[in-house]
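Chemist: First, the structure itself, so that you have it in front of you.
The values are calculated or read from the model by the stated rules, or taken from the named source; none is laboratory data. Here the structure is a predicted model, which is why all the values come from computation and not from measurement. We place every Cβ from the backbone using ideal geometry, glycine too, and count neighbours over all the protein chains shown. The protein model used for the area step is the full one, side chains on, heavy atoms only, and it has no ligands, DNA or RNA in it. Shrake-Rupley method; radii C 1.70, N 1.55, O 1.52, S 1.80 Å.
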Amino acid sequence: MVNYPNGKKHPSKDLVTTGREKRKINYGRRGMVFEEAIDASNQYYLTEHLAVIHKRPTPVQIVKVDYPKRSKAVITEAYFKTPSTTDYNGIYKGKYLDFEAKETQNKTSFPLVNIHAHQVEHMRAVIEQGGICFLLIHFAVLNEVYLLPFVPFYHYWQRMIAGGRKSMTLTEIRNDGILVPNGFRPRLDYLAALPLSDESEEK
């Protein structure tokens with residue numbers, strides 16, 4: 001049993017009853033295809049000596065452990081902690097790189113509620129030190145991925161903080177972001193879409 005930050009407890013799979021028939025739906029796969037594409041691309045970048053980028057492990061707080069055998073421990077209850085920073089980090093062309101990857105089912109906008117204030121502060125601090133920061137946003141229904149640099153994203157974040165709209169429109173993301181090409185090797189060539197100008201000068 002895994003406990004999520006919203007206080008709800010979920011097994012890895014849920015049972016949905018339709019008439020007399022019960023079928024299993026695996027909610028854990030939501031967003032996994034996008035994540036797998038990023039991971040496969042990172043492995044390609046590493047193999048080809050283009051960049052070293054890894055996914056940060058999700059922090060977990062272990063609550064209960066059973067010991068069915070002396071030599072074997074089984075975690076029976078744990079909580080996912082809210083990540084303190086972003087999803088991925090690494091080195092690219094001598095620069096520190098840091099980004100958050102998000103997926104949405106929305107076809108016309110990306111809700112900013114999907115990003116946490118402490119993540120924004122972390123990315124801002126990275127930019128201050130001359131690093132590279134951006135968001136990878138996957139519009140699942142459209143099958144489109146955009147790389148949105150931190151500077152334009154931060155503009156929309158501040159707009160929300162000032163009382164403006166709580167999302168970025170797809171049009172805004174298309175105007176300020178870069179469409180990431182899909183391919184075979186790598187599957188998601190987001191480094192090809194990465195502007196290499198020093199964003200720290202644009203704060």
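Chemist: Which is open to solvent by 60 Å² or more (accessible area, probe 1.4 Å) and closer than 25 Å to GLN43 by Cα, of ARG185, ARG165?
Modeler: It is ARG185.
Chemist: Condition check: open to solvent by 90 Å² or more (accessible area, probe 1.4 Å), modelled with pLDDT under 65, more than 25 Å from LEU142 (Cβ to Cβ) and under 17 Å from the mean Cα position of the chain (by Cα). Does LYS22 satisfy that?
Modeler: Taking the combined requirement at face value, the residue does not satisfy it.
Chemist: Listed residues VAL126, VAL113, VAL120; which is part of a helix (DSSP H, G or I) and either open to solvent by 20 Å² or more (accessible area, probe 1.4 Å) or not hydrophobic (A, V, I, L, M, F, W, C) (or both)?
Modeler: Result: VAL113 is the single residue among VAL126, VAL113, VAL120 that is part of a helix (DSSP H, G or I) and either open to solvent by 20 Å² or more (accessible area, probe 1.4 Å) or not hydrophobic (A, V, I, L, M, F, W, C) (or both).
Chemist: Condition (residue is without any contact (Cβ under 8 Å) to a residue 40 or more places away in the chain and acidic (Asp, Glu)) applied to the range 115-123: is it met by at least one residue?
Modeler: Checking the range 115-123: at least one residue is without any contact (Cβ under 8 Å) to a residue 40 or more places away in the chain and acidic (Asp, Glu).
Chemist: Considering only the range 35-58, I want to know if a residue exists there that is in contact with a Lys or Arg (Cβ under 9 Å, 6 or more places away or on another chain) and modelled with pLDDT under 75.
Modeler: yes
Quick grid of which residues meet (1) part of a loop (DSSP other than H, G, I, E, B); (2) modelled with pLDDT of 95 or more; (3) touching a Pro at 6+ places or on another chain (Cβ under 8 Å); (4) within 20 Å of GLY130 (Cα to Cα):
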{"residue": "HIS155", "(1), (2), (3), (4)": "no, yes, no, yes"}
{"residue": "GLY163", "(1), (2), (3), (4)": "yes, yes, no, no"}
{"residue": "ARG174", "(1), (2), (3), (4)": "no, yes, no, no"}
{"residue": "PRO195", "(1), (2), (3), (4)": "yes, no, yes, yes"}
{"residue": "SER200", "(1), (2), (3), (4)": "no, no, no, yes"}
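Chemist: Could you list all residues from the range 59-94 that are touching a Pro at 6+ places or on another chain (Cβ under 7 Å) and at pLDDT 65 or above?
Modeler: Matches in the range 59-94: VAL74 only.
Chemist: Residue check, ILE91 against (1) crowded, with 18+ Cβ neighbours inside 10 Å; (2) of a type in the set (Val, Ile, Thr); (3) within 25 Å of THR47 (Cα to Cα), all met but one. Which one?
Modeler: (1) is the only condition that ILE91 fails.
Chemist: Here's another thing I want to ask about it. Please go through the range 129-158 and pick out each residue that is closer than 16 Å to LEU194 by Cα and exposed (fewer than 15 other Cβ atoms within 10 Å of the Cβ).
Modeler: GLY130
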